[in-house]
Amino acid sequence: LIGSVTLDLTVTVDDITTVTLDSRGLAISSVSLDGASCAFEVKPETALGSAVVITTPALKKGQAVKLAVQYETSSDSAGIQWLEPSQTQDKKHPYLFTQFQAIHARSAIPCQDSPSVKTKYSATVTVPKELTALMSALSTGSTESEDSKTYIFDQPVPIPTYLIALAIGDLYSRDIGPRTRVWAEASVVEKAAWEFEETEQYLVTAEQLLTPYEWGRYDVLCLPGSFPYGGMENPCLTFVTPTLLAGDRSLTHVVAHEITHSWTGNLVTNHTWQSFWLNEGFTVFVERKIIQRMFGAPSQHLGYINGWKSLMDCVEHFGHDHEFTTLDPKLDGIDPDDAFSSVPYERGANFLFFLERTVGGDAVFEPFLKEWINQNKFKTVTTEGFIKFFHDHFDPIVPKEKLDEINWDAWLHQRGMPPVDMTQFYDQVLRERSVALADRWISGDLEGFASSDIEGFNTPQVVAFVERIMIEKPAGLPASTLEKIDSLYHFSEKKNSEIRAVWYTLALISNYEAVFPGVEEFLTEQGRMKFVRPLYRRLYSCEPNGKTKAVELFEKNKNIYHNIAKKMVHQDLVRLGATLSN
């Protein structure tokens, strides 16, 4: 990308003579302050990128200035993925998309790349005429020339830099509600429109739980398969993975999650990445409340059940004494991507669930949620600030002996699993059939099973069935049992990504190499880190041929993955002992 950024800055202390911006891999050609050229120095790169130190005339407190930077991004920018036509669904045109969370905006824009800094933004983007540009902002118009088109955007709500987003491709749209629209390539857009048809209902339910929606539009862009996350909550334009297109709307809870971020994370933002649980923990907690209101409490609780298993797996991966298993990890000098896991999501949501139970249930806690949003919207928040806000609200109305049951230090700082086993509070009704069926397979008696065993199971129930087997049989099942399961339930033939992922996981821990072709196909057609990271680890550990297969497959696929996914899978395999090329 070639362009410029103009930063509107207000001086907060007297006699400032330098401005420092974050960058990574940017070629900066010039800097000016209010039109006058400035000297600048790009410092050596660290794990967090390169500081750009700009020398300015002495600036006084309260002074407003415009700092303009001309620059180019690099071809291997951490936050931008460039796709050849062959890597897109329709294989006609190139494609670009950004992913700036956590600290990758600095690889595309010289900026103050911290969630503590929130800003409005406007942008103009010029692209070839046959392509469409979208951003995490409202479209305010466009102009055309003979061979190009310029799109104009405005985001009037202050956001942190990680929520700036850009996508450029051969894109088409379908309206699915009065303020919702789906974007995708031509061959995908109808499927995506059908899959995400419930988006407006999710949005209305979230507004009932929280406060009115502040962002004007809520559009969804279904990206190519290399997108490394399930979704990304870019304001006005959520990015989602095509792995959600199951054909039965069974995986669209991810949209409920991203919609919730419109309040928790986007309006009320964690001040630092150390407090990331205030973003994702709140979002999972409210997402499951949306599921409760739309589909019932048993569905909400099944989400908690499966999430607890995800948390157990994450703690096992890091180690029970690892700093990253806490809700308030120390991240000084550490790339937040290295700490990314289900801990802030699931431990955070369970902590809020525990707090809700402690103070008297949802009728007492939900008004507090609304107050939290109303009092903190457009601001950034800290864990210490949340504790004070909680006590200011509940100390006058909840008995002291109840509040004394909250061990804040243990929930926030104790390593390993949470200090309270929350599974005792989960409604198990939807899981009971899954557990009963799993226990029959675990017994070793292979008689009496039928395809109808899982009739009526939803996706989380199938996942719970397979995960029950893995909990009770951590070394897996015999090949004969796996063959029988697959012959009846046809998991290897499913297009549902969650079912495929959990089935391949069970097969690989069982050293069942018959699934290698399916695993290879799955790891080649998509790059969602939720799936590719654990599956590469499991594949590498699968005896006797998994090590060779995992290395060969990653070397073949690494350049189709997003840079973030490529980096993290590389790290995972090296930690297991793999030798990989750079």
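Taking every residue in segment 219-240 that is farther than 20 Å from residue 531 by Cβ and among the polar types (S, T, N, Q) and pairing it with any residue that is in a loop (DSSP other than H, G, I, E, B) and modelled with pLDDT of 95 or more, at least 6 positions away or on another chain, the pairs with Cβ-Cβ distances below 7 Å are 234/136; 234/165. If you go through segment 144-156 and keep only what is surrounded by fewer than 20 Cβ atoms within 10 Å (Cβ to Cβ) and in contact with a strand residue (DSSP E or B) (Cβ under 9 Å, 6 or more places away or on another chain), you end up with 144, 145, 147, 148, 149, 150, 152, 154, 156.
Residues that are touching a Ser or Thr at 6+ places or on another chain (Cβ under 6 Å), closer than 19 Å to residue 457 by Cα and of a type in the set (Gly, Ala, Ser) within segment 474-524 comprise just one, 497.
Between 492, 487, 480, 581, the distinction of being outside any helix (DSSP H, G or I) and either of a type in the set (S, T, N, Q) or open to solvent by less than 30 Å² (accessible area, probe 1.4 Å) (or both) belongs to 581 only.
Scanning segment 166-189 for residues that are closer than 20 Å to residue 255 by Cβ, part of a helix (DSSP H, G or I) and open to solvent by 10 Å² or more (accessible area, probe 1.4 Å) turns up just one, 188.
Here residue 163 meets each of (1) under 29 Å from residue 269 (Cα atoms); (2) surrounded by fewer than 18 Cβ atoms within 10 Å (Cβ to Cβ) with one exception, condition (2). Answer with yes or no whether residue 123 is open to solvent by 10 Å² or more (accessible area, probe 1.4 Å), hydrophobic (A, V, I, L, M, F, W, C), modelled with pLDDT of 95 or more and assigned to a strand (DSSP E or B). Yes, satisfied.
Restricting 530, 547, 494, 556 to those that are modelled with pLDDT of 95 or more, over 16 Å from residue 576 (Cα atoms) and touching a Phe, Trp or Tyr at 6+ places or on another chain (Cβ under 9 Å) reduces the list to 530.
Condition check: touching a residue at least 12 places away in the same chain (Cβ under 8 Å) and surrounded by fewer than 16 Cβ atoms within 10 Å (Cβ to Cβ). Does residue 388 satisfy that? In short, no. Highlighted here are the helices (runs of 4 or more DSSP H) found entirely within segment 190-296 that include at least 3 residues which are of a type outside the set (Val, Ile, Thr) and open to solvent by less than 10 Å² (accessible area, probe 1.4 Å): 199-209, 277-295.
Would it be correct to say that residue 500 is open to solvent by 70 Å² or more (accessible area, probe 1.4 Å), at negative phi and in contact with a Gly (Cβ under 9 Å, 6 or more places away or on another chain)? Criteria not met by residue 500.
If you go through segment 360-385 and keep only what is open to solvent by 80 Å² or more (accessible area, probe 1.4 Å), touching a residue at least 12 places away in the same chain (Cβ under 8 Å) and among the hydrophobic types (A, V, I, L, M, F, W, C), you end up with just 378.
Rundown of residues vs (1) free of Cβ contacts under 8 Å to residues at least 60 places away in the same chain; (2) small (Gly, Ala, Ser); (3) within 28 Å of residue 127 (Cβ to Cβ); (4) open to solvent by less than 30 Å² (accessible area, probe 1.4 Å), yes/no style:
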| residue | (1), (2), (3), (4) |
| --- | --- |
| 6 | no, no, yes, no |
| 17 | yes, no, no, no |
| 29 | yes, yes, yes, no |
| 33 | yes, no, no, yes |
| 40 | yes, no, no, no |
| 46 | no, no, no, no |
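The values are calculated or read from the model by the stated rules, or taken from the named source; none is laboratory data. Quantities reported herein were computed from a predicted structural model and do not represent experimental measurements. We place every Cβ from the backbone using ideal geometry, glycine too, and count neighbours over all the protein chains shown. Side chains included, ligands, DNA and RNA excluded: accessible areas come from the protein's heavy atoms. Shrake-Rupley method; radii C 1.70, N 1.55, O 1.52, S 1.80 Å.
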